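These notes are about the structure you will find just below.
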Ligand code: ADP
């Protein structure tokens, strides 16, 4: 096991990693920017190191500063959390060169699965369903038109290096396709320094269903079943649940096994999420692989009892997975509500500032993953998510009741949060029925 882990992140996930390390008897070093100086979660780390001014580009994304901080403090591993450098293969490589263990996959596995074209190729080989479309990069507009004819409109043009929805175009005609390929290439080149784009079938009504997987360095890989994250706004998830409601048991089996097969074939060590879109007939198609721990990992922990963060650290240290697939059983139902510092009634405008009063919900089956407390000032510089309220109960209806009960206990004042919207959603008939699609929330908000 490691002696000391440096956490290259902030906020709730930094605290989540500190907690895992403490339980493993591993010391922690937490880095922070000037905007996070004095943040309450830092006191739980054994040491903390300032790495620069507030903008992430000058602090949390500064590879040389992170490596120096690790070297000065004698850290033998770095945990990237999610966001920032978590999916940066170059960072993973620099860590390796500096003999610091990167807690995550090898740079090779990360690059292979992180590039959407090579990931899709790998998926085809592993017999994981992918959307019909181009086999690889689209070289010119003629090639795109041929594909358009072959698979039929609508299609979507996507960037191999894509992220955050950039370099993506939905297209419904030949004429638009010609324009879209060109502009998507330009946008991808500017955003990622990689102008490769590809074309695939666009699914109008889809659910977002993803599978949590974990592999070790000895060739073992398992899945921890699926989550449904269809409640989204602008591709940002707001509520996640596990398991996905209403999925046919045979489909679930196929889905989850496909995901773990892909991870195993990629010789992947660490936590990964294989994301799929699912149509009305529950056919599923690979969307992308996230090569890191995800925001919504706690709901899977609640239904399986597996500590994903601790397991990720153990496999990075070279341990063999302590679970076989047959050891993983699903128990009950869990929801996660993302509590963002935003005024959702006014177009989700950010609402940073001082928290004067904070009351956490409690009771059976309630978990708050958060770094906030009374007296904490939410900086305006970073992501607006300030807490994750996670509930677990014996079945979906009970979990919804529990979520609403806990949301009503939660007090964060005087800043605005998304709590009220979550209460409305827990009372929404369509959401209660289960199986809403990825446009559900935007349709609701447009009313
Ligand atoms: P990014 O990495 O930029 O977030 P993704 O591949 O995850 O890109 O896709 C982002 C979103 O775009 C998806 O969540 C989905 O809403 C939509 N999308 C992507 N591909 C398709 C597709 N083939 N059909 C329908 N929607 C799609």
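The values are calculated or read from the model by the stated rules, or taken from the named source; none is laboratory data. Everything quoted here is computed from the prediction, not taken from an experiment. As a convention, Cβ positions derive from the backbone with ideal geometry for all residues, glycine included, and neighbour counts pool all protein chains shown.
A compact table of results
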item	result
Hits in region 318-328 (condition: out of contact with any strand residue (DSSP E or B) (no Cβ under 9 Å at 6 or more places or on another chain) and either part of a strand (DSSP E or B) or within 21 Å of residue 257 (Cα to Cα) (or both))	320, 322, 326
Residues that are part of a loop (DSSP other than H, G, I, E, B), within 13 Å of residue 1 (Cα to Cα) and without any contact (Cβ under 8 Å) to a residue 40 or more places away in the chain, drawn from region 22-46	25
Residues being at positive phi, within 12 Å of the ligand (Cβ to nearest atom) and touching a strand residue (DSSP E or B) at 6+ places or on another chain (Cβ under 8 Å) - total across region 132-164	1
Candidates 190, 175, filtered to the one that is free of Cβ contacts under 8 Å to residues at least 12 places away in the same chain, part of a helix (DSSP H, G or I), more than 15 Å from the ligand (Cβ to nearest atom) and farther than 23 Å from residue 229 by Cα	175
Every residue from region 135-167 that is buried (at least 19 other Cβ atoms within 10 Å of the Cβ), under 26 Å from the mean Cα position of the chain (by Cα) and outside any strand (DSSP E or B)	160, 161, 162, 167
Test: residue in region 94-104 that is more than 20 Å from residue 14 (Cβ to Cβ) and either under 20 Å from the mean Cα position of the chain (by Cα) or modelled with pLDDT under 95 (or both)	no
Where a residue in region 157-168 is under 20 Å from residue 85 (Cα atoms) and its partner, wherever it lies, is in a loop (DSSP other than H, G, I, E, B) and near the ligand (Cβ under 6 Å from one of its atoms), with Cβ under 6 Å and at least six apart	165/235
Residue check for residue 109: closer than 17 Å to residue 288 by Cβ, within 15 Å of the ligand (Cβ to nearest atom) and surrounded by 19 or more Cβ atoms within 10 Å (Cβ to Cβ)	no
Subset of region 1-21 [over 21 Å from the mean Cα position of the chain (by Cα) and assigned to a strand (DSSP E or B)]	4, 5
Residue match in region 343-366 (condition: in contact with a strand residue (DSSP E or B) (Cβ under 9 Å, 6 or more places away or on another chain) and closer than 28 Å to residue 260 by Cα)	no
Residues of region 422-436 that turn out to be within 21 Å of the chain's Cα centre (by Cα) and buried (at least 21 other Cβ atoms within 10 Å of the Cβ), as a count	2
Flag if residue 237 is under 30 Å from residue 2 (Cα atoms) and either surrounded by 24 or more Cβ atoms within 10 Å (Cβ to Cβ) or in contact (Cβ under 8 Å) with a residue 40 or more places away in the chain (or both)	no
Test result for residue 19, closer than 15 Å to residue 7 by Cβ and touching a strand residue (DSSP E or B) at 6+ places or on another chain (Cβ under 8 Å)	no
Qualifying residue in region 26-46 (condition: within 16 Å of the ligand (Cβ to nearest atom), touching a strand residue (DSSP E or B) at 6+ places or on another chain (Cβ under 8 Å) and either at positive phi or not assigned by TED's automatic domain parsing to the domain that holds residue 340 (or both))	no
Those residues of region 61-106 which are out of contact with any helix residue (DSSP H, G or I) (no Cβ under 9 Å at 6 or more places or on another chain), under 20 Å from residue 318 (Cα atoms) and buried (at least 19 other Cβ atoms within 10 Å of the Cβ), in sequence order	86
Test: residue in region 302-317 that is within 16 Å of the ligand (Cβ to nearest atom) and under 21 Å from residue 261 (Cβ atoms)	no
